[in-house]
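Written below as structure tokens is the structure these notes are about.
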């Protein structure tokens, strides 16, 4: 048991530094806490839904359209799922820890508040990432199965109508290869993760500012909606004839506060079979990292001063 | 023990800003306390007297409006001060999905403990708080008394020199409460300083060396418990197997003494209801 030794006295005065291990402990606890909130069954239901969409739409009309609409629908649902999960989970975490006084027992240990905030954020992001990896694997499998089936079925159709010329077959192969399983699908999932990460960081910041979960959820959704329309806002700001100076300044402030989420919108391009260049992936990743760093820094400034 | 006080509170004032249309609220006003290393100090007072606010400032969870606090000489505003302190909040909750042992591992990891040291320390704390049998059970199924004991175990996991306990026996049944008080006495014997708040005065009387009484954010009385509760002009004498004749003689002797000396009462001392409860429930547990 504890004694008043010189070594312990020296240890007590040693400053507490950032510890990745401590952050990992908090992140892992957060992830398991969220897993307990029955997220996994929800995820499985989602996967089953996507599988149903994939299987249900297997009649051959136009392979390009069919594969495109499958990707568009499933990636769209995935995007909504990851954003909603990120916002709601983050908005719930801090108030719950405060209500249960778990926050008191954690922060009365030698735990810097930044470590706590970062641990919570990483916990949510780890779970989103895990979910997306699972769904990405399921999507890939469905898409691969669907593209093979569609290719064979369409070839059979061409053969039946006596249109199976080498050119027609090559065209079908090219369409199916472009619209089928490619790296583009994974980049789209990566972009969805980046967007969800930025939105989750915004939710964390708002959660530190607000005392109400509902407020955090509503405002973060508003920020997300505004974030998708940044291009329109910029257009308004830089067009003097469109509004008064006051309105334009207010809009500029809004544009500065909200992240430009349209930067991560590559789902439509992927659904249309366009190639996502590496440069675009780097850009998206860099932009997301920048947004997250800035929002996390502000979150730290707010949370370190927060009275608990 | 060193001369550095375990807890030092200097002219602490804490004002909470009011919301829209509400004025500011002064929870603590110019409070000064010094808790010596190794003692059990009780901070008592009615609800809203500022006890919990004072504790939160000491733990760095709240910032003082004026004044300062320190733990073993390290300002509470520094995270490093938390190396020396373990905290049990009122009615603590833990992550329900973790078992008792996992909970202690979680808190130990936060303090930088790992490996065998953490495992053996967690086992030691589970044994100390009597939770060995429940160590593998999920915390969600723990009773209130078990949660309090787990709270004590997590507070002690990193071998702090100071324990801060906020209403440690609130809502706990008499047996659980007895265990917690025995643990506090045990901590003192091991050299751990304890700062405890409660409004269960009889329980505080049993464990505290010194007490401070707070009301409306101010310290209204402070000192050694014995000094504060002693009735200077009265003397208590408890006899065992005294015959009626002896008692009559004592009565006569007091009468014959004259002056201001008076025998105020005599009779059989009573056990406390709590002791009776514990005896009765323990008997029921026996096969």
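Compute the whole-percent fraction of alpha carbon pairs in the protein assembly as shown spaced more than 43 Å apart. Within the protein assembly as shown, distances greater than 43 Å cover 41 percent of Cα pairs. Inter-chain Cβ neighbour count for A:94-106, averaged per residue, equals 4 (cutoff 10 Å, partner chain atoms only). For helix B:244-257, report the angle its Cα long axis makes with the longest principal axis of the Cα atoms of chain B; keep it between 0 and 90° and round to the nearest 10°. Helix B:244-257 sits at roughly 80 degrees to that axis. Note on A:31, A:37, B:237: ascending count of other Cβ atoms within 10 Å places them as B:237, A:37, A:31, the fewest first.
When Cβ neighbours within 10 Å are restricted to other protein chains, what is their mean count per residue of peptide A:19-26?
Details: counts 3, 0, 4, 4, 0, 1, 9, 3.
Mean shielding by partner chains, rounded to a whole number: 3.
Compared with the dominant Cα axis of chain A, that is its longest principal axis, helix A:278-305 is turned about 20°.
Once the C-beta distance of residue A:170 and residue B:117 is scaled by a Förster radius of 56 Å, the resulting FRET efficiency is 0.25 to the nearest 0.05. From the largest down, the stretch A:106-215 spans 77, 26, 18 angstrom on the principal axes of its Cα atoms.
Can you show me the helix-derived [θ] at 222 nm for chain B, built from DSSP H runs with n ≥ 4 at -39,500 (n - 2.57) apiece and divided by the number of residues, rounded to the nearest 500. Could the numbers behind the result be given before it?
On the way: 9 runs with 101 residues, N = 287.
Mean residue ellipticity at 222 nm (helix-derived): -10500 deg cm²/dmol.
Of all DSSP beta bridges located in the stretch B:127-280, what percent are antiparallel, nearest 5? Walk me through the numbers before you get to the answer.
Numbers: 6 of 11 bridges.
Once the DSSP bridges in the stretch B:127-280 are tallied, antiparallel ones form about 55 percent.
Relative contact order, whole percent, for the stretch B:11-82 stands at 30, derived from Cα pairs under 8 Å and 6 or more residues apart.
Taking every residue in B:87-96, how many Cβ atoms of other protein chains lie within 10 Å of its Cβ, on average?
Numbers: counts 7, 4, 7, 2, 2, 5, 7, 4, 8, 3.
For peptide B:87-96, the averaged partner shielding equals 5.
Each label point was placed 7 Å from the Cα along the Cα-to-Cβ direction; for residue A:17 and residue B:91 their separation is 4.2 nm.
Take every Cα pair under 8 Å in chain A that's 6+ residues apart, average their separations, divide by the length, and report that relative contact order as a whole percent.
On the way: 297 pairs, mean separation 81.1, N = 308.
Relative contact order, chain A: 26 percent.
Highest mean first, the peptides B:195-203, B:87-95 sorted by other C-beta atoms within 10 Å per residue fall in the order B:87-95, B:195-203.
Provide the FRET efficiency to the nearest 0.05 for the residue A:209-residue B:205 pair, computing r from the beta carbons and using R0 = 41 Å. Mind showing how you got there, number by number?
Numbers: r = 44 Å, r/R0 = 1.08.
That pair, residue A:209 with residue B:205, gives E of 0.40.
Ranked by the mean number of other Cβ atoms within 10 Å per residue, highest first, peptides B:151-158, B:36-43, B:257-264 order as B:151-158, B:36-43, B:257-264.
With Rh defined as the Kirkwood radius, the inverse of the mean 1/r over Cα pairs, the Rg/Rh of the stretch B:104-218 is 0.99. Dividing the helix sum by the residues of chain A, where each DSSP H run of 4 or more adds -39500 (n - 2.57), gives a mean residue ellipticity at 222 nm of -27000 deg cm²/dmol.
Given Cα pairs under 8 Å that are at least 6 residues apart, what percent is the relative contact order of the stretch A:197-308? All intermediate terms of the calculation are to be shown ahead of the outcome.
Details: 77 pairs, mean separation 41.9, N = 112.
Rounded, it is 37 percent for the stretch A:197-308.
Taking the 0 to 90 degree range and rounding to the nearest ten, how far is the long axis of helix B:174-189 tilted relative to the main principal axis of chain B, both from C-alpha atoms? So the helix axis and the longest Cα principal axis differ by about 80 degrees. Label reach from residue B:15 (point 7 Å along Cα→C-beta): in the stretch B:49-91, amide nitrogens under 17 Å belong to B:63-68. Note on residue B:262 and residue B:185: the extension gain reaches 24.0 nm, defined as 0.36 nm multiplied by sequence separation minus the Cα-Cα distance. When restricted to Cα atoms, chain B yields an Rg and a Dmax of 22.7, 74 Å, respectively.
Highest mean first, how do B:242-249, B:116-123 rank when packing is the count of other Cβ atoms within 10 Å averaged over residues?
Details: B:242-249: 10.4, B:116-123: 14.9.
Top to bottom by mean Cβ count within 10 Å: B:116-123, B:242-249.
Size estimate for chain A follows the Kirkwood approach: the inverse of mean 1/r over distinct Cα pairs works out to 22.2 Å.
Going by neighbour counts of Cβ atoms within 10 Å, the residues A:222, B:208 line up, fewest first, as A:222, B:208. What the Cβ-Cβ distance of residue B:248 and residue B:137 gives, at R0 = 45 Å and to the nearest 0.05, is a FRET efficiency of 0.15. Beta-bridge orientation, the protein assembly as shown: approximately 55 percent antiparallel, per DSSP, counting only bridges with both partners inside.
Every number in this text was worked out from the coordinates using simple rules, so none of it is lab data. Please read these numbers as outputs of a predicted model, since none were measured by experiment. Reconstructed Cβ throughout: ideal geometry from the backbone, glycine too, with neighbour counts over all protein chains shown.
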